[in-house]
Each structure stands twice: as structure tokens, then as C-alpha cells.
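The values are calculated or read from the model by the stated rules, or taken from the named source; none is laboratory data. Just so we're clear, the structure is a prediction, and the values are computed from it rather than from any experiment. Methodologically, a virtual Cβ is constructed for each residue, glycine included, from the backbone with ideal geometry; neighbour enumeration extends over all protein chains shown. These area figures cover heavy atoms from the full protein model, side chains too; ligands, DNA and RNA do not enter into them. Shrake-Rupley method; radii C 1.70, N 1.55, O 1.52, S 1.80 Å.
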Amino acid sequence: TVIVSKVIDAAFVDYQRVIPQGLKDTFRVDAADFSNAASVVAMVCEDKVRAVKVSVGEDAVGLSVQNTHQGETEVEAHVSGPSVDMGFNVKYLAEILAQSEGGDVDFYYDGEKPISPAVIKPTEDDRFLAVVLPMRF
């Protein structure tokens, strides 16, 4: 067995600075339901960037894509913020939700700036936090 390694002696970015602070708009969904909905929509997503529109409503969150095939689904949610449409990479959402180990997740967003980064955290676990960058849909 040969192990090759290198000491990294560089200054790393301050990751705390990229985590959005003060996001007061949220929605809470079941991670498995949201992940399944994302998978359903991803099946008809043809483009390489895998953009999905996340539509926050009064008591549900919709996921949809628009290309030659239209796909959309909806998940029950507890919403504490304005209705808004945001765009995200559906693959990134699925990967984040897979790490949440089930249960509910809280999705923090800026209802006034839907093109801002969002934060996803499991409701019952403060050890995990994910920042997802928006994209145009």
C-alpha cells in the first residue's frame, strides 16, 4: 500500500461569511416527501443544469420544470413567509435532503430577494446546515 499526501498550508476562506444570516422567511417540509417530489420532477428535466422552480405558497411548496415536458408536484409545508418563486438545481436539493436523515427540514429564504442563497437545516439537528445557491429557471 502506498499513501501519498501533501500538507496544505494555505489560508482557507472564512466559510461563516458565505452562510446567509438573518433569513426570517421559512418553510418546513418532510425531507422524504420533498426529496421524492424533487425526484419526480427531475425525471422530466431535460436540460443539463437541472433547474427546478420552487414555488412557496400559503401551505404548500410546489416544484416544477418547464421544457418540452412539463412536470410539477406539490408538498405540504408549514410556511412562515411570503409566497415566492425560486430556482435551484434539483440534484443539489436531492443531495442535501439525503444528508438530513429523514424528519422535517427547515428551508430559510429571503422572500424579498428570491435570487439569494437559501439555508436548509434539519428541524431537530443543529449539527447539519447546507447553503444552496439559487439559479434562474
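Tabulated results
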| quantity | calculated |
| --- | --- |
| Output for the stretch 101-111, where each listed residue is part of a loop (DSSP other than H, G, I, E, B) and in contact with a helix residue (DSSP H, G or I) (Cβ under 7 Å, 6 or more places away or on another chain) | Gly102, Gly103 |
| Options Val65, Val44, Val75: the member that is over 13 Å from Thr26 (Cα atoms), of a type outside the set (Phe, Trp, Tyr), in contact with a Cys (Cβ under 6 Å, 6 or more places away or on another chain) and open to solvent by less than 80 Å² (accessible area, probe 1.4 Å) | Val65 |
| Residue among Pro82, Pro114, Pro134 that alone is in contact with a strand residue (DSSP E or B) (Cβ under 6 Å, 6 or more places away or on another chain), part of a loop (DSSP other than H, G, I, E, B) and modelled with pLDDT of 90 or more | Pro134 |
| Members of the stretch 12-41 found to be of a type in the set (Asp, Glu), modelled with pLDDT of 90 or more and open to solvent by 70 Å² or more (accessible area, probe 1.4 Å), listed by number | Asp33 |
| Residue within the stretch 52-61 that is in contact (Cβ under 8 Å) with a residue 60 or more places away in the chain, farther than 16 Å from Ala31 by Cα and either open to solvent by 70 Å² or more (accessible area, probe 1.4 Å) or under 15 Å from the mean Cα position of the chain (by Cα) (or both) present | yes |
| Residue check for Ile120: open to solvent by less than 60 Å² (accessible area, probe 1.4 Å), part of a strand (DSSP E or B) and within 19 Å of Arg50 (Cβ to Cβ) | yes |
| Pro134 under 15 Å from Ser35 (Cα atoms) and buried (at least 18 other Cβ atoms within 10 Å of the Cβ) | no |
| Hits in the stretch 86-112 - residues which are surrounded by 13 or more Cβ atoms within 10 Å (Cβ to Cβ) and closer than 22 Å to Glu58 by Cβ | Met86, Gly87, Phe88, Leu93, Asp104, Val105, Asp106, Phe107, Tyr108, Tyr109, Asp110, Gly111 |
